[in-house]
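Encoded as structure tokens, the structure appears first; notes follow it.
The values are calculated or read from the model by the stated rules, or taken from the named source; none is laboratory data. These numbers come from a predicted model, not from an experiment. With ideal geometry, Cβ positions are generated from the backbone for all residues, glycine too; neighbour counts draw on all protein chains shown.
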């Protein structure tokens, strides 16, 4: 029925496609498809991609042919592929005598159309009729293993005297095998070796996060890749696919259980993985003019910072850090082949009600490619990736998680400390190497996760405890914490003046009378500004900026020793590590990119140093000793805390040796240790050390307020 509706029969169409491939030239007179055909043969590929608009504009006759492709794509694919096969045979000529060319010339060839006018969103696919050609954009979330699909079944008569061979083309996934031989009426058997198969793979194409309407579940459609297309995509790829709308029983035609409910899928004929980072966001020349006009404004940085969640009062430095993260630093490829990430990772740890989730939500909407999720994740893949069993095929498929889906974008992760164990094991690699490696159920793969992570976590005890390290405050190992460039402690402490300002800001915002709640830069313009900066600006570190960063690093690495010589003990702490040095470089580059500058200035370095100082004062400040010590963030226990514990334990040991019964008075230990450590009026710190020594089985508390050692 389809062929009757065609403008031309298949043989005529095939001749037309031969004419087009041989004689089409671009504006400069270049025969682009003839050259592409020669390159295809040289590379021994079996597909030639044709731009639909080229076909449409070739001449008036081809205009009708191009329009007919949308309605009857299967027939045109068949005719175009036959034309391509004939042209390959003609061009190869005598070379087909060689084995490799003979095998190649007998293979399957495909003429693949792209850039068609019927572009549709995933939500609109159901509006098109079955068998139509459409182009959709989305993100690959699931990829199956590669299977063989039967395209021509060959049956051989079981009677050796007859040996009749019957072949049946598979159309629409179904065929009726011949039961008896037409000549001798003997049974027919299916011959696998003579039958034809093509490689087959199923993928799932899901709506991109930035296309998702608020409050809606992401739509998806399954796609089928055949032959040479099976290796074109991987999980996490953002794709434009051209395909024919097909239909199959919703419960799976593979099981033969047809019912009244069917579902659509795409038979993909062309898949394009755009190289552009922000292909969805179109920046017109007018937009570019507005972007450069904005970049020339005085106080640009403050305008951008105030445009991030303006309805949330305060947290200016946190918003500044988020702004830097949205622009990001430059990815470096070193001479030895190693890679240094340019993405900036930020963690917010804070009390309930400090607007962490609100900041994340706003950031995900402002980022040109943003994704918001929670630590648990919304699918089995969670934050990283997973291998799951496909209910339709029965095999294993690779499913991408949040960080893979947000590749080259921003992943805003709430409840980061609640992630599952599988994610916790693999997120180390995702945060530093920016890849996710999977080796499960025979599937070994490495997926890209070049993602900026902005995360929020809650303290284990409900509120942040100043007297223990940050690693003890939240349910995250130090190995993950150390991979964040900036960690901000957001505390909710009663302060009458600040509380008054917060309450006033919230109340007049709710009444619609707060001019500060309106962003100074319109979010659509700021989103385009960020995308433009990330695409076109790649700042280089100057000698002046490098010198500033180096001086700060060396100064912070000097041992922190008490200024009074007679006061003991003195602690040698580590205030900063090379990880923070790398973070300083990234932040400086991000600030330069924010101002659309090609070079990092000393001012950029100074502002980044100031931001890191604020972070260190919050996340690495040891409240007991009054020192900055990053080891609490890197290892889970701060260096001063370890030294305090060692000193108290040594004091107990010395006093126990002097005692006749080996016990020590508890009050005496607390008093002497507090004096030694200059912790008068902070005796609870010593009590906490004693409690931990008891939990570790080093001391016990006999009756009478005593302490006894449990050594040896």
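Structure above, values below:
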read-out: Selected residue (criterion: surrounded by the fewest Cβ atoms within 10 Å (Cβ to Cβ)) from residues of segment 514-537 that are outside any helix (DSSP H, G or I) and either at pLDDT 90 or above or out of contact with any helix residue (DSSP H, G or I) (no Cβ under 9 Å at 6 or more places or on another chain) (or both); value: 518
read-out: Filtered residue count, segment 162-177, keeping only those that are farther than 20 Å from residue 74 by Cα and at pLDDT 80 or above; value: 5
read-out: Cβ pairs under 8 Å, 6+ apart, first in segment 292-303 and under 23 Å from residue 318 (Cα atoms), second modelled with pLDDT under 90 and in a loop (DSSP other than H, G, I, E, B); value: 294/521; 303/297; 303/520; 303/521
read-out: Residue check, residue 615 touching a strand residue (DSSP E or B) at 6+ places or on another chain (Cβ under 6 Å) and within 13 Å of residue 320 (Cβ to Cβ); value: yes
read-out: Residue match in segment 421-429 (condition: in contact (Cβ under 8 Å) with a residue 12 or more places away in the chain and either closer than 25 Å to residue 315 by Cβ or assigned to a loop (DSSP other than H, G, I, E, B) (or both)); value: no
read-out: Sole residue being surrounded by 16 or more Cβ atoms within 10 Å (Cβ to Cβ), closer than 30 Å to residue 445 by Cα and modelled with pLDDT of 85 or more, chosen from 116, 136; value: 136
read-out: Residue tally, condition assigned to a loop (DSSP other than H, G, I, E, B) and modelled with pLDDT of 85 or more, over segment 340-359; value: 5
read-out: Helices (runs of 4 or more DSSP H) enclosed by segment 1-90 - at least 3 residues per element that are surrounded by fewer than 14 Cβ atoms within 10 Å (Cβ to Cβ) and over 41 Å from the mean Cα position of the chain (by Cα); value: 10-23, 60-71
read-out: Test set (1) farther than 30 Å from residue 212 by Cβ; (2) at pLDDT 65 or above - residue 123 fails condition number; value: (1)
read-out: So residue 199, is it modelled with pLDDT of 80 or more and in contact with a helix residue (DSSP H, G or I) (Cβ under 7 Å, 6 or more places away or on another chain); value: yes
read-out: Some residue of segment 476-490 being farther than 26 Å from residue 584 by Cα, in contact with a strand residue (DSSP E or B) (Cβ under 9 Å, 6 or more places away or on another chain) and surrounded by fewer than 21 Cβ atoms within 10 Å (Cβ to Cβ); value: no
read-out: Matching entry among 472, 504, 497 (being assigned to a helix (DSSP H, G or I) and in contact (Cβ under 8 Å) with a residue 40 or more places away in the chain); value: 472
read-out: Index of the failed condition, residue 615 passing every other in (1) crowded, with 21+ Cβ neighbours inside 10 Å; (2) modelled with pLDDT under 80; value: (2)
read-out: Lone unmet requirement of (1) at pLDDT 90 or above; (2) in a helix (DSSP H, G or I); (3) out of contact with any strand residue (DSSP E or B) (no Cβ under 9 Å at 6 or more places or on another chain); (4) crowded, with 16+ Cβ neighbours inside 10 Å for residue 547; value: (4)
read-out: Answer residue from segment 672-708, given it is in contact with a strand residue (DSSP E or B) (Cβ under 9 Å, 6 or more places away or on another chain) and part of a helix (DSSP H, G or I) and is surrounded by the most Cβ atoms within 10 Å (Cβ to Cβ) among those; value: 690
read-out: Among the candidates 276, 251, 264, residue that is at pLDDT below 90, touching a strand residue (DSSP E or B) at 6+ places or on another chain (Cβ under 8 Å), more than 25 Å from residue 501 (Cα to Cα) and not in a helix (DSSP H, G or I); value: 264
read-out: Residue 424 being touching a strand residue (DSSP E or B) at 6+ places or on another chain (Cβ under 9 Å), modelled with pLDDT of 75 or more and surrounded by 16 or more Cβ atoms within 10 Å (Cβ to Cβ); value: no
